[in-house]
Amino acid sequence: MDFLFKNSIFAANFHLPSVGGSNNSQMLTAITIATVAKMLVLALLLVLGIAGAFVPVLPGPPIAYVAMWWMQWMRMSQFSTTQLVVFGLLALAVTLLDNFLPVIATKSSGGSKSSVWGCFIGMALGIVVPTFGIVVGALVGAVVGQFIASQQLGNALKVGFKTFTGIMLGTGIKLVYGVWVAYLCIKQLILYLD
């Protein structure tokens with residue numbers, strides 16, 4: 001990919017003027033357009049990785065993990081193989097946990113198979129509703145499924161609350177992972193620019 005940046009219109013340099021005056025001989029730094037393009041892609045990946053904690057259709061942890069690989073591929077970082085493997089496994093674990101925590105929470109609160117299926121069906125139907133569709137879908141699905149099975153509204157609401165707690169826990173774990181990866185990438189970017 002470096003050949004694209006070295007042998008194209010992206011190879012031009014531009015200079016940021018110094019803060020102290022307009023003297024063109026004093027330059028704060030020279031940054032290639034290729035470097036700016038690399039940083040913009042990195043910023044987009046990191047923002048999407050963090051946003052994925054709140055937007056259910058965005059797979060936040062995998063996108064954040066791709067940001068680490070992007071930096072490595074563009075030679076903007078020095079992540080070790082161990083770091084890349086560990087963060088890859090963490091992205092997988094966080095993604096799986098996020099998908100199964102609502103179901104685990106539903107089961108742990110005494111939810112029936114109907115409430116678990118309601119949770120799954122609600123999450124699946126909720127995908128078509130922007131932003132909070134999966135959260136509301138899982139909650140409503142678990143409550144309706146449990147109410148059908150037990151015919152007790154109090155029990156159904158308890159199961160729904162536990163399902164909601166599982167969803168919020170999954171969101172928190174995704175947010176922590178996304179911010180952690182963003183911190184590491186920004187730290188590596190600072191070292192790269194020095």
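The values are calculated or read from the model by the stated rules, or taken from the named source; none is laboratory data. Since the model is a prediction, treat every value here as computed from it, not as a measurement. Reconstructed Cβ throughout: ideal geometry from the backbone, glycine too, with neighbour counts over all protein chains shown. In case anyone asks, the SASA skips ligands and DNA or RNA and just uses the protein heavy atoms, side chains included. Shrake-Rupley method; radii C 1.70, N 1.55, O 1.52, S 1.80 Å.
Points to keep in mind about this one:
- Test: residue in segment 165-174 that is open to solvent by 30 Å² or more (accessible area, probe 1.4 Å) and among the charged types (D, E, K, R): no
- Residue in segment 143-160 that is under 15 Å from residue 98 (Cα atoms) and either touching a helix residue (DSSP H, G or I) at 6+ places or on another chain (Cβ under 6 Å) or not in a helix (DSSP H, G or I) (or both) present: no
- Under the condition of being modelled with pLDDT under 75 and either open to solvent by 80 Å² or more (accessible area, probe 1.4 Å) or under 20 Å from residue 171 (Cα atoms) (or both), the residues counted in segment 107-116 number 2.
- Flag for residue 102 being crowded, with 20+ Cβ neighbours inside 10 Å, assigned to a helix (DSSP H, G or I) and modelled with pLDDT of 85 or more: no
- Test result for residue 94, open to solvent by less than 20 Å² (accessible area, probe 1.4 Å), of a type outside the set (Gly, Ala, Ser) and farther than 30 Å from residue 32 by Cβ: yes
- Residue selected from segment 48-90 under the condition of a type in the set (Val, Ile, Thr) and under 23 Å from residue 35 (Cβ atoms), by the criterion surrounded by the fewest Cβ atoms within 10 Å (Cβ to Cβ): 66
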